[in-house]
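Undergrad: I'd like to ask some things about the structure below.
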Amino acid sequence: MSAPALVDTRTPNEAHFFPGEDHPWELVIGLEVHAQVTSEAKLFSGSSTGFGAEQNSHVSLVDAAMPGMLPVINEHCVRQAVKTGLGLNAQINKKSAFDRKNYFYPDLPQGYQISQLYHPIVGEGVVQVQVGPDKKGDFESVEIGVERLHLEQDAGKSMHDQHPTMSYVDLNRSGVALMEIVSKPDIRSIDEAKAYVTKLRSILRYLGTCDGNMDQGSMRADVNVSVRKPGGEFGTRCEIKNVNSIRFMGQAIDYEARRQIDILEEGGKIDQETRLFDPVKGETRSMRSKEEAHDYRYFPDPDLLPLEFDDAYVETIRAELPELPDEKRARFQANGLSEYDASILVADKAVGDYYEQVAEGRDAKLAANWTINDLLGALNKAGTDLADSPVSAAQLGGIIDLIKADTISGKIAKDVFEIIWNEGGDPAKIVEDRGMAQVTDTGAIEAAVDEIIAANPEKVAQAKEKPAMLGWFVGQVMKATGGKANPKAVNDLLRAKIGE
């Protein structure tokens with residue numbers, strides 16, 4: 001659509017470089033993210049936006065461009081765009097207008113796209129992204145500028161593999177409202193690009209303005225890539241169209257950057273063009289020469305009046321804003337979580353909400369450890385989403401309560417988690433019915449300690465010289481008690497009998 005404005009806002013020492021034969025190359029990336037507005041109706045008609053319906057079942061007379069049919073703006077989509085702009089700390093333009101972008105669209109019956117070129121609804125904003133973590137668990141904070149956000153209608157879908165000589169067209173998406181969010185060319189690495197799209201998707205989901213489901217096409221990106229010598233003039237950019245996966249985006253940028261560097265180092269020049277990424281081959285290929293705005297013959301849409309609203313309208317929407325990821329992360333860190341833990345928990349709104357239910361009235365750090373390491377680890381291993389988790393927040397909280405009450409040890413807690421994951425049930429009842437409560441009777445624990453000490457005099461002598469050997473004794477006592485002995489009681493007794 002519209003390309004990011006070529007204004008350099010970052011200094012070379014902030015850049016990440018690609019290797020070159022003689023000198024490194026700097027990567028410059030701008031992103032145009034197309035986010036489908038969460039709305040039950042399309043931008044200019046009342047047709048449904050439901051995903052997965054039978055082909056051409058969500059098409060009104062307006063969508064089909066029948067003679068005499070006029071577009072009528074969906075006010076809910078306007079509110080969603082304004083809300084998104086506020087969430088991006090962006091300028092809200094109280095007067096905006098729609099334009100016609102003329103181009104051959106086989107899957108857009110009217111033959112042009114209604115968009116906003118000259119007067120977008122949202123102006124400049126900023127997205128703060130956390131790049132990392134690195135090997136130390138630290139993040140680098142990077143500010144990515146937003147050039148604009150404008151509303152436009154989506155095209156339908158052409159299918160070229162359904163018939164040997166014809167293409168089929170599904171118009172269900174035709175007219176669906178999109179927000180095109182255009183970044184400034186501030187992105188200097190693949191990791192920054194991935195972090196930006198991840199953060200943008202997170203903000204949209206928190207706001208409820210886009211579901212961010214890239215696999216369903218409701219969020220996708222056009223990626224503008226160029227290379228230059230550090231601090232030099234901007235290079236010629238190529239646009240990679242319709243990338244619908246963050247992982248594929250990283251692969252596409254890597255391939256395209258190396259392709260351009262190879263051409264330049266061989267004395268060639270980069271042709272400005274639009275390219276496609278082939279995820280099977282892992283490479284980009286030429287699609288067409290890159291068009292500019294004048295190629296589309298934009299002009300104001302005569303069927304739509306300019307959008308105008310006042311400060312009161314904007315402030316009403318601002319009052320509806322939820323707590324956003326940066327605010328939630330700061331609150332979690334203020335409650336004692338590390339930047340790493342807080343960043344993991346706020347990246348997905350559902351995960352953050354789940355964690356807060358687990359942590360309510362409990363140890364925040366312990367709740368974070370169990371949510372991140374055990375729950376998310378198990379979900380990742382099973383290849384499932386949080387929405388399908390067999391362990392509820394209440395059940396995980398119940399396990400933590402048993403740990404804090406010294407009813408079970410951390411080791412036994414993992415066994416309880418496994419049982420709930422596979423069978424369900426109440427944690428306390430599972431522990432009681434299966435006799436999993438840890439032994440707190442110091443007499444019984446002392447007897448096991450004495451027996452292990454008596455049977456291993458040589459290791460006792462070693463432990464007196466090397467206190468780290470106490471860990472071996474702890475393991476033996478836990479083994480002898482079926483893992484039920486209170487670990488703290490075991491450690492205290494061993495220190496008293498063997499010494500530090």
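Undergrad: Kindly list the number of the only condition in (1) hydrophobic (A, V, I, L, M, F, W, C); (2) assigned to a loop (DSSP other than H, G, I, E, B); (3) over 29 Å from Arg318 (Cα atoms) that fails for Leu264.
TA: (2)
Undergrad: Among the residues that make up region 163-181, is at least one of them modelled with pLDDT of 95 or more and charged (D, E, K, R)?
TA: Yes, that holds for at least one residue.
Undergrad: Still on this model: For residues that are among the small types (Gly, Ala, Ser) and farther than 22 Å from Asp303 by Cα, tally how many sit in region 68-90.
TA: Residues that pass the stated criteria total 3.
Undergrad: If you go through region 142-182 one residue at a time, how many are part of a loop (DSSP other than H, G, I, E, B) and under 20 Å from Glu75 (Cβ atoms)?
TA: Looking only at that region, the number is 3.
Undergrad: Give the residue that is surrounded by the fewest Cβ atoms within 10 Å (Cβ to Cβ), with candidates limited to residues of region 428-453 that are out of contact with any helix residue (DSSP H, G or I) (no Cβ under 9 Å at 6 or more places or on another chain) and assigned to a helix (DSSP H, G or I).
TA: Once the filter is applied, the top-ranked residue is Gly443.
Undergrad: Counting only residues that are small (Gly, Ala, Ser) and in a helix (DSSP H, G or I), which one in region 324-366 is nearest to Gln395 (Cα to Cα)?
TA: This residue is Ala359.
Undergrad: Given the criterion closer than 21 Å to Ser392 by Cα and surrounded by fewer than 17 Cβ atoms within 10 Å (Cβ to Cβ), identify the matching residue among Gly482, Gly425.
TA: The unique qualifying residue is Gly425.
Undergrad: Please verify whether Lys404 is in contact with an Asp or Glu (Cβ under 7 Å, 6 or more places away or on another chain) and farther than 23 Å from Lys479 by Cβ, treating the condition exactly as stated.
TA: yes
Undergrad: Please find, among Glu327, Glu292, the residue that is closer than 30 Å to Lys94 by Cβ, modelled with pLDDT under 95 and not aliphatic (A, V, I, L, M).
TA: Selected residue: Glu292, the only one of Glu327, Glu292 that is closer than 30 Å to Lys94 by Cβ, modelled with pLDDT under 95 and not aliphatic (A, V, I, L, M).
Undergrad: Hey, another quick one. For Asp215, all conditions in the list (1) under 29 Å from the mean Cα position of the chain (by Cα); (2) not in a helix (DSSP H, G or I) hold save one; what is the number of the exception?
TA: With respect to (1) under 29 Å from the mean Cα position of the chain (by Cα); (2) not in a helix (DSSP H, G or I), Asp215 is out only on (2).
Undergrad: Of everything in region 116-141, what is assigned to a loop (DSSP other than H, G, I, E, B), of a type in the set (A, V, I, L, M) and at pLDDT below 95? Give them in sequence order.
TA: Of everything in region 116-141, just one residue is assigned to a loop (DSSP other than H, G, I, E, B), of a type in the set (A, V, I, L, M) and at pLDDT below 95, namely Leu117.
Undergrad: Still on this model: I need every pair where a residue in region 102-117 that is touching a residue at least 12 places away in the same chain (Cβ under 8 Å) and of a type in the set (Val, Ile, Thr) has its Cβ under 7 Å from the Cβ of a residue that is assigned to a loop (DSSP other than H, G, I, E, B) and surrounded by fewer than 21 Cβ atoms within 10 Å (Cβ to Cβ), sequence separation at least 6 or different chains.
TA: From residues that are touching a residue at least 12 places away in the same chain (Cβ under 8 Å) and of a type in the set (Val, Ile, Thr), the pairs are Ile114/Pro71; Ile114/Asp301.
Undergrad: What pairs can you find where one residue is in region 367-383 and closer than 13 Å to Tyr354 by Cα and assigned by TED's automatic domain parsing to the domain that holds Tyr355, the other is part of a helix (DSSP H, G or I) and hydroxyl-bearing (Ser, Thr, Tyr), and their Cβ atoms are less than 8 Å apart, with a gap of 6+ or different chains?
TA: These pairs meet every condition: Ala367/Tyr355; Ala368/Tyr355; Thr371/Tyr354; Thr371/Tyr355; Leu375/Tyr354.
The values are calculated or read from the model by the stated rules, or taken from the named source; none is laboratory data. Quick caveat, the model's predicted, so the values are computed rather than measured. Here Cβ is always computed from backbone atoms with ideal geometry, including for glycine, and neighbour counts include all displayed protein chains.
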